[in-house]
1. Can you give the accessible area per residue of segment 62-103, in Å², using a 1.4 Å probe?
2. So if we plug the beta-carbon distance of ALA66 and ASP131 into 1/(1 + (r/R0)^6) with R0 = 25 Å, what FRET efficiency do we get, rounded to 0.05?
3. Tell me the label-point distance for the pair ALA74, THR53, using the 7 Å Cα-to-Cβ offset, in nm and rounded to one decimal.
4. What order do you get for 47-57, 146-156 when each peptide is scored by the mean count of other beta carbon atoms within 10 Å, highest first?
Amino acid sequence: MSILTERDTSRSPLIGAADLAAHADLPAPAAHTEAELAALIGLLTLPKARIETVTVGHGRDTASRAAAEAFAEAWTARGGTVLTTVSWPETAASWLRPAHRLTAELPDAWVLAAAPLGLAQLARRLRHSTDWDPARSYAFASLQDSRVPALAGADVLHGLRGATADGAVWDVRHGWVTVRPPAEEPA
């Protein structure tokens, strides 16, 4: 390992001030919808998913907190287990504490409700300092903005999936957010 490689791995994963300023217009999370919650539960209960335990993470804004609570209630009502719920601030010195709390237990999946900037910062810390896997993570509509993976960095969110407010689903692939329409109701 070269000195430059060692230095890169020891640097803080915080987003730089220039990138923060360039993305200052990211929207605050809106209240979740029933269609969004149903689509998110649907993603977690696909036949081959085998997801029983989840860790729920959320930003400290009202909409994210309410979405996380609604998800936890719906998940436990259907027999699933919420191992822990972790919140994080929009701004912090490192996000190390919430990153470690989110990954302290090994859930089948992580469910995230947050503002884009806070999640981008946390995701960078999760990838830098833990064994978190975005491909085992599911999110609410507030995180489907294509600027989120750009802000988080190359492949930090690769594999993250979520639901839109109208019940469609989205995923992140190498920095691209792709949305698929909601499933049609059988006639």
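The values are calculated or read from the model by the stated rules, or taken from the named source; none is laboratory data. Values in this document were obtained by computation on a predicted structure and should not be read as measured data. Glycine gets a Cβ as well: all are built from the backbone with ideal geometry, and neighbour counts include every protein chain shown. The area values use the complete protein model at the heavy-atom level, side chains included, leaving out ligands, DNA and RNA. Shrake-Rupley method; radii C 1.70, N 1.55, O 1.52, S 1.80 Å.
1. So segment 62-103 comes to 52 Å² accessible per residue, rounded to a whole number.
2. Working: r = 29 Å, r/R0 = 1.16.
Result of the calculation: an efficiency of 0.30.
3. Reported label-point gap for ALA74 and THR53 is 2.3 nm.
4. The densest-packed peptide leads the list: 146-156, 47-57.
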